[in-house]
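The values are calculated or read from the model by the stated rules, or taken from the named source; none is laboratory data. Quantities reported herein were computed from a predicted structural model and do not represent experimental measurements. Positions of Cβ are backbone-derived with ideal geometry, glycine not excepted, and every protein chain shown enters the neighbour counts.
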Amino acid sequence: MTPFWPGNIERDFSVLEGWKLRRELDRIKQQLSMIPEMLYEPILRHKHDRAFEAGFPEHKGAVELTSKVAIFIVWQPDGLLTSTLNTCRHLHAAGYSVMLISNAPLRSDDITAMRPYAWRIIDRPNFGYDFGGYRDGIRLLEREGIVPDNLIILNDSIYFPIFPNDDTIRKLEQSDADISGMILRQRGEAHFLESYFYLIRGHVLRHEAFRDFWIKYPLSSNKYKTIRRGERGFGAAMESAGLKIEGVFTEQDFQAAILAADHGMLREIVKHAALPSRDATQVAQSIAQNGTTEQLQAFIFSQMLKLQFYSAFPVASHSLMRFPVLKRSNNEVANAWRREYLRAVEAGLITPPTSTVADELHRHRLR
């Protein structure tokens, strides 16, 4: 994206060195761990595939199989959250038969609570992160000859939906893309969807490139490998096969919303910016109080070069664009996002989330 810069405004308002340094150190740690993993991961993969063939523990839900299926991967070793049950309710209400796959052993009361909204409930060993669960769910469908008209794949790294009466699934279903999701990212020439939510058309499930990707996908519990091979690798493989991938919430739409916003709204957007840097936050507060319309716009667009628009500016993304997701992660970016989101909700700038999401967000904030 080529950002719009009104006037002759200084572009670089902040340096986000602290959290980026910690992220890079974590990435280096993950890369170093790849050396011994080369020896033992093939053994773990073989062991996991033998367990898959033998059959994972499974429970039948009350929902019958329909023409639309959702594979929902969760890892909640302390018990399923109420918001997770609500996600299943939402998927069920949209006509999807939910295959809940848990990477942690499920308690009996969780299984009982989930049954009314699920088609199948499966325990799998915690190997391969979410993409390992995605692969196993897709292989189960293929083994049983099930080819739904639409397949949703999602995981519990997000709160979804956060708004009552959310219509995001309908928007995704109306997309003309082969594979759609919330956000389409770009790294160089490569495009990939953020992997917490995909909607995949039925014809894609029969496509040779799709089947080959999942047959050959090497499970790993190394986060760096999973992002590179899974999230980015899947996007590259599908795009190389000529399949259209699309995010329904785009930077272009965000930019248009910012340019259309009046001065008062821009002030609130910048005032509630979720920036993981004290210096950047101080600059944002100063510009929110004293900046012109052009300065406010310029500040927003400058931060879009460094951060994701939907998390950095929750008033704009959740109010003007109705972005339906919040991340559960405990890193600086997600913490700042949730904090400013709640402040904006309390200020009446964003439609309040569902009561369940609100309760869980407040409990998280009090930790």
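Details
- Filtered residues of the range 205-219 (kept if in a loop (DSSP other than H, G, I, E, B) and either of a type in the set (A, V, I, L, M, F, W, C) or touching a Phe, Trp or Tyr at 6+ places or on another chain (Cβ under 8 Å) (or both)): Tyr217, Leu219
- Residue list for the range 32-78, filter: of a type in the set (Gly, Ala, Ser), at pLDDT 95 or above and part of a loop (DSSP other than H, G, I, E, B): Gly55, Gly61, Ala62, Ser67
- Cβ pairs under 7 Å, 6+ apart, first in the range 304-331 and closer than 16 Å to Leu342 by Cβ, second acidic (Asp, Glu): Pro314/Glu340; Val315/Glu268
- Matching residues in the range 67-86 - criterion: being surrounded by fewer than 15 Cβ atoms within 10 Å (Cβ to Cβ) and free of Cβ contacts under 8 Å to residues at least 40 places away in the same chain: Pro77, Asp78, Gly79
- If the condition is being more than 20 Å from Phe131 (Cβ to Cβ) and in contact (Cβ under 8 Å) with a residue 40 or more places away in the chain, then the range 151-171 contributes Tyr159, Pro161, Ile162, Phe163, Pro164, Asp166, Thr168, Ile169, Arg170, Lys171.
- Tally, over the range 182-192, of residues that are in contact with a helix residue (DSSP H, G or I) (Cβ under 6 Å, 6 or more places away or on another chain) and among the hydrophobic types (A, V, I, L, M, F, W, C): 2
- Residue that is surrounded by the most Cβ atoms within 10 Å (Cβ to Cβ), among those in the range 137-150 that are touching a residue at least 24 places away in the same chain (Cβ under 8 Å) and assigned to a loop (DSSP other than H, G, I, E, B): Pro148
- Tally, over the range 336-358, of residues that are assigned to a helix (DSSP H, G or I) and either within 21 Å of Gly247 (Cα to Cα) or without any contact (Cβ under 8 Å) to a residue 24 or more places away in the chain (or both): 6
- Subset tally (residues that are in contact (Cβ under 8 Å) with a residue 24 or more places away in the chain and in a helix (DSSP H, G or I)) for the range 110-136: 15
- Residue match in the range 239-262 (condition: within 30 Å of Phe213 (Cα to Cα) and without any contact (Cβ under 8 Å) to a residue 12 or more places away in the chain): yes
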